[in-house]
Amino acid sequence: MRTQHAVRGGQRRGGRRVALATLPVAALVLMTACGSEEEPEVQAPPTSADEPTDSESTTEPAEETDNVTTNDDDAPVTADPQPTAVDPAPTTEEPTTEAPTTEEPTTEEPPEEGAGDAEAFAQEYIDLVASGDAAGAYGMLSPEAMVYYPDQTVFEENGIADFSEDLANAGDEPSFHIRPAYEETHDSAQVVSLLGFDEASGEPWAHTFAIRKLDGASWVVDQEITPSTGQNRLNWLNPGIQEGVSEWQVNPDQPMSFALLKNGGPNTAVTASINDGDGVQLTERPTDGAVMYDLTDAELTEGYSIIAASWVAEDAPFVHTSATPAGWSN
């Protein structure tokens, strides 16, 4: 739509064109010749009073009708501003090139039996027992352990009661030990044992449990049960059941030994170790109701040590464990 200004300008220009068109051609020539000695150039008259000449068409600005808004209330007419192209400012930042990585691709090898995150898993279980989170510790048990602990209450009373109490009363951080349960284990079974001391009495204590992988995947805990009635499957003899000395004191005149009862079924994969050492050689001495095992040529270091034994019975793959502190008699 043409604005009011555009329409009025067109009317003024139209009146000028009509006035020029009504003059005779001869008069136009005469007027031009009076202003210059050069021979005037005669232009053909326009064919119509409304048709502009070439000179007028080149000097007269074109009528712009785009982007013009008309205000019906005689408000000032404004044209939409046209965007102006601005040259982008030159950047002073240099392109960054990342340094090539020097890390070589690693090829992961299958972990050794018992390697990997076994220690972290065992420590998590210990922390839960120490903090009193029996529910969390109970959730880490193996399916075979659940047979012995059908609910959390039984687990607290017959599984970790002494363990939890000793951890709570320990003066210093207990020493942590871990070893393979038996050679060529298919489920990375590990024996975990802890040696600590009561803060009040200074007496040593020892606890142990086993961990293994369930179907080669997640770790689970085999927590040995403390029977409320009857005898333990394993009984420590030296150190252990001796008159006149503490249970942890070793008689240097006798080999260190323990006995496994037969009434639980056949016991296989029986191993024992001192502290973090490899399994020590065991010598069997069968009797009617049990099999006694001597730790042949085993030696204790100065101070206190921990002896840990493990075996597999009729409830395999559950790994049974037992541990005792050991030291020379005073």
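Bear in mind these aren't lab numbers, they're just calculated from the coordinates by the rules spelled out. What you see is a predicted model; the values in this text were computed from it and never measured. Glycine gets a Cβ as well: all are built from the backbone with ideal geometry, and neighbour counts include every protein chain shown.
Annotation: the residues His186, His320, His177, sorted from fewest to most other C-beta atoms within 10 Å of their own C-beta, follow the order His186, His177, His320.
Kirkwood hydrodynamic radius computed over the range 118-328 comes to 17.4 Å, based on all pairs of distinct alpha carbons.
Rg/Rh, computed from the Cα trace of the range 221-330 with Rh as the Kirkwood radius, has the value 0.95.
Ranked by the mean number of other Cβ atoms within 10 Å of their residues, highest first, the peptides 162-171, 275-284, 309-318 fall in the order 309-318, 162-171, 275-284. Report note on the peptides 286-292, 257-263: ranked by the mean count of other C-beta atoms within 10 Å, highest first, their order is 257-263, 286-292.
Using the average count of surrounding beta-carbon atoms within 10 Å as a protection proxy, the listed peptides 118-128, 245-255 rank, highest first, as 118-128, 245-255.
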